[in-house]
Amino acid sequence: MLRLTQQEILALFGERDLVALGQAADRVRAKLHPQRVVTYAVDRNINYTNICVSGCRFCAFFRPPGHPEGYVLSLEDLRAKLAEAKELGATQVLLQGGLHPDLRLGYYSDMLRVIKQEFGLHAHCFSPPEIIHIARVEALGVPECLRVLVDAGLDSIPGGGAEVLSDAVRARVSPRKCTKGEWLEVMREAHRIGLRTTATMMFGMGEGPEHLVEHLLAIRGLQEETGGFTAFIPWTFQPENTALGREVQAVGGHAYLRVLAISRLALDNLPNLQASWVTQGGKMAQLALRFGANDMGSTMIEENVVRAAGVTYRLPRSEIVRLIEDAGFTARQRDCNYRYV
């Protein structure tokens, strides 16, 4: 397959035939995954704090320092959540939180040691903005910060905090968060030391197609350089209860499927594309399996960030499997590195 150029990807956003776009993406999926298997994971998404100094305008989850609804998860509460997750068959944990001004590196390291040493779960933790924040609080460089976290048990890094990798967009929606270049540099360094990571894109914040193309090319370029991304996960901004929600309207399933299909066509060097049932619901996620997606994400035993924006889709493992099989695929549980469990 010939690699799409920047202009060709941009032109796809103007393609009026959504079905044809989906069919093209489906052909790419079938070529990459001819065994007709759709994967899913069993994990728990734990948010260790909602206190955050970033104040992103698209976020309904965070609370500023000193807010009465702010919290920091104790190790005892973390252990209880991990025990429940393991009882439900989880093989990994996704650990993310706000950019807390007072938490020190020891807190993050202690959480990793509990996850690894006490529960033996894969630690998929701390998005690039968190890594950058922790390093700044400790007056460390990102490489040194990553080495400490890896020594404590960090296995891989989630792709959160990317939103749209365009500084023009970031200046409008998250001016106090890391830049496009900083996000990419954390991922580059993680890949350099052997950590695998995912990449994400949250769209529908009033950006233009050119900004989404910039994002896709940035991910494709770094993957070309390092090969460290395991999957790409695009999802839609949920505006309810957010400051930005007063300015933009939620984009619908049509836009979601278009971006998903274009992502599959543009990211020719990323093996896996994940459907977002968390924001789209089960039926749309099932349809996404014909628009390029080959993975249904995870059961997400717990999810708080999207829920704070008023979206409350929940899918148990049995329903994820049913949706996959009803779409004509074989369902297989995977680990964080997309190996079958």
Of the residues in the range 238-262, those that are part of a loop (DSSP other than H, G, I, E, B) and without any contact (Cβ under 8 Å) to a residue 60 or more places away in the chain come to Glu247, Val248, Gln249, Ala250, Val251, Gly252
Do you know which of the residues in the range 158-171 that are more than 19 Å from Ala266 (Cβ to Cβ) and in contact with a Lys or Arg (Cβ under 8 Å, 6 or more places away or on another chain) is surrounded by the fewest Cβ atoms within 10 Å (Cβ to Cβ)? Asp167
Could you say which residue among Ala139, Ala135 is within 20 Å of Arg196 (Cα to Cα), free of Cβ contacts under 8 Å to residues at least 24 places away in the same chain, out of contact with any Phe, Trp or Tyr (no Cβ under 8 Å at 6 or more places or on another chain) and of a type in the set (Gly, Ala, Ser)? Ala135
Determine if the range 61-68 includes at least one residue that is surrounded by 15 or more Cβ atoms within 10 Å (Cβ to Cβ), in a loop (DSSP other than H, G, I, E, B) and either of a type in the set (Val, Ile, Thr) or in contact (Cβ under 8 Å) with a residue 60 or more places away in the chain (or both). yes
Since Glu182 meets every condition but one in (1) under 20 Å from the mean Cα position of the chain (by Cα); (2) buried (at least 20 other Cβ atoms within 10 Å of the Cβ); (3) not small (Gly, Ala, Ser), which condition does it not meet? (2)
Taking the range 69-97 and keeping only residues that are over 22 Å from His133 (Cβ atoms) and touching a residue at least 60 places away in the same chain (Cβ under 8 Å), one is left with Lys81, Glu84, Ala85, Leu88, Gly89, Ala90, Thr91, Gln92
Inspect the range 179-194 for any residue being touching a residue at least 60 places away in the same chain (Cβ under 8 Å) and closer than 30 Å to Gly253 by Cβ and give the result as yes or no. no
Tell me yes or no: at least one residue of the range 222-229 is hydrophobic (A, V, I, L, M, F, W, C), closer than 25 Å to Val19 by Cβ and buried (at least 20 other Cβ atoms within 10 Å of the Cβ). no
Quick check on Leu94: is it closer than 25 Å to Gly153 by Cα, in a loop (DSSP other than H, G, I, E, B) and touching a strand residue (DSSP E or B) at 6+ places or on another chain (Cβ under 9 Å)? no
For Leu78, indicate whether it is assigned to a helix (DSSP H, G or I), of a type in the set (A, V, I, L, M, F, W, C), under 20 Å from Arg113 (Cα atoms) and at pLDDT 95 or above. yes
Among (1) surrounded by fewer than 20 Cβ atoms within 10 Å (Cβ to Cβ); (2) among the polar types (S, T, N, Q); (3) under 20 Å from Val72 (Cα atoms), where does Ser127 come up short? (1)
Any residue at all in the range 299-317 that's modelled with pLDDT of 90 or more and either part of a helix (DSSP H, G or I) or at positive phi (or both)? no
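The values are calculated or read from the model by the stated rules, or taken from the named source; none is laboratory data. None of these values were measured; they are calculated from a predicted model. Positions of Cβ are generated from backbone atoms using ideal geometry, with glycine treated the same way; all protein chains shown enter the neighbour counts.
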